[in-house]
1. Want the number for residue 65 to residue 37: 0.36 nm per residue separation, take away the alpha-carbon distance, what's left?
2. Using the Cβ atoms and a cut-off under 10 Å, what net charge is assigned to the surroundings of residue 72, where Lys and Arg are +1 and Asp and Glu are -1?
3. What does a probe at residue 55 reach in the stretch 82-98, counting residues whose amide N is under 16 Å from the point 7 Å along Cα→Cβ?
4. So for the pair residue 82, residue 96, with labels modelled 7 Å out along Cα→Cβ, what separation do we get in nm?
5. If N is the number of residues in the stretch 18-97, what value comes out of its Cα radius of gyration divided by 2.2 N^0.38 Å?
6. Which peptide among 87-95, 65-73 comes first, and what is the full order, when sorted by highest mean count of other Cβ atoms within 10 Å?
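We did not get these values from a lab; they are worked out from the coordinates using the rules stated. The structure presented is a predicted model; accordingly, all values stated were derived computationally and were not measured. Cβ placement follows ideal geometry from the backbone for every residue including glycine, while neighbour counts extend to all protein chains displayed.
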Amino acid sequence: QGWEAVAAAVASKIVGLWRNETTELLGHECKFTVKPYIKRFQLNYKGRMWCLGWTAIRGEARTRSHSGVAGRTAQDFVRKAFQKGLISQQEANQWLSS
């Protein structure tokens, strides 16, 4: 019975670390999720970012840092969008200064 209480507490904390949010990038609505998972008895996070209606590109990252996974996921998405020509440096600079 003691183990069940611990398991329930761990599960509750993991659910609290789950994120599902919407953001805007260059006038496009984008979504990103952060999902916790256990790997080798350590808490890890998987991030995904996508912008339906704009591109099929998906940004993805995996890390042990809850605070860092969203940033790495967004960097992966933006890097892929630059490579595909969807974002120019000029557009990015204008968006950053707005």
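1. So the extension gain works out to 8.9 nm.
2. The answer is -1.
3. It comes to 82-96, nothing else.
4. Placing both labels 7 Å along Cα→Cβ, they lie 0.9 nm apart.
5. Ratio of Cα Rg to 2.2 N^0.38 Å: 1.16.
6. 65-73, 87-95
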